[in-house]
Amino acid sequence: MRLDIITAVPELLESFFQNSIVKRAQDKQLAEIHLHNLHDYGIGKYKQIDDYPFGGGAGMVLMIEPIAQIIRQLQAERTYDEIIYTAPDGGRFDQKTANKLSLAGNIIILCGHYKGVDERIRETFITREISIGDYVLSGGELAAAVISDAIIRLLPGVLGDETSALTDSFQDNLLAPPVYTRPSEWEGQPVPPVLLSGHDAKIQDWRYEQSVERTRERRPDLLGGE
């Protein structure tokens, strides 16, 4: 998988992509991540990337030309499955979306900034708009990091245990069950006996029941009609 991220503040993402799971994916050559500084494509002597909105009002708007130049340059080099724009009014990002995007080969993520991007960019290039929650951030870089991490950890070979991602919360619309490790008893609180039984079928049944119960208590919306 290749991710090309267009950002006005690449410094916010450089450290993130050089650590943890996403670094492992790159080291294993399972994912390529390329940051593109929007200022490198800015207009004029001062590399302008934003301007005042027509009609007045507070804030600035990302201009068409720098973004269009980057996207068209990338499209001339390869075909992209998705061109994503991070925006508060985008569709809500969830595990189902992450699963689908993890099957893509090449993805561009355009990080929103200021008051947003000229609407004509959205109409011309963007194939999917994503929000990570009902709140506003200073820029789309954090959202791009969240989306990238959620996608990359699903790629085969990235996690040490191939089944790990399949048992995460929100897979199958259930929250993950409680987990325990050593010691088997701490301050009078024992680990549920079934987990020490060695009986795999009973353990799996217990985990499923706990997932359903936890989801019913904490996120009943995920259970639909239940």
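Read-outs throughout are calculated quantities, based only on the coordinates presented, and are distinct from any laboratory measurement. Given the structure is predicted, the values throughout are model-derived calculations rather than measurements. All Cβ positions, glycine included, derive from the backbone under ideal geometry; neighbour counts span all protein chains shown.
Assorted remarks:
- Remark: region 52-62, residue by residue, has Karplus-estimated 3J(HN,Hα) of 5, x, 4, x, x, x, 6, x, 10, 10, 5 Hz, where x stands for each Gly or Pro and the curve is 6.51 cos²θ - 1.76 cosθ + 1.60 at θ = phi - 60°.
- Summarising the amide proton neighbourhood of ILE33: residues at separation of 5 or more, or on other chains, whose placed amide H is nearer than 5 Å comprise LEU3.
- Couplings 3J(HN,Hα) of region 77-83, computed from phi: 8, 6, 8, 10, 6, 9, 10 Hz, in residue order, whole Hz [Karplus 6.51 cos²θ - 1.76 cosθ + 1.60, θ = phi - 60°; x for Gly and Pro].
- Out of every Cα-Cα pair that region 70-163 contains, those further apart than 22 angstrom amount to 30 percent.
- For the pair ASP40 and VAL136 in one chain, pulling the backbone fully straight at 0.36 nm per residue adds 32.0 nm over the alpha carbon distance.
- With 0.36 nm allotted per residue and the present C-alpha distance subtracted, the ALA176-ARG92 stretch has 28.2 nm of extension available.
- Between LEU30 and ALA58, the contour length at 0.36 nm per residue exceeds the Cα-Cα span by 5.8 nm.
- Within the listed set LYS100, LYS202, LYS23, the residue fluctuating most in the Gaussian network model of the chain (springs between alpha-carbon atoms under 10 angstrom) is LYS202.
- Computing Kirkwood radius over Cα pairs in Å for the structure here picks out one of [x] 20.0; [y] 19.2; [z] 18.0, namely [x].
- Among GLU209, GLU82, GLU119, the residue with the largest mean-square fluctuation in a Gaussian network model of the chain, with springs joining Cα atoms closer than 10 Å, is GLU209.
- FRET efficiency estimate (nearest 0.05) - Cβ-Cβ, ALA201 to ALA104, R0 30 angstrom: 0.25
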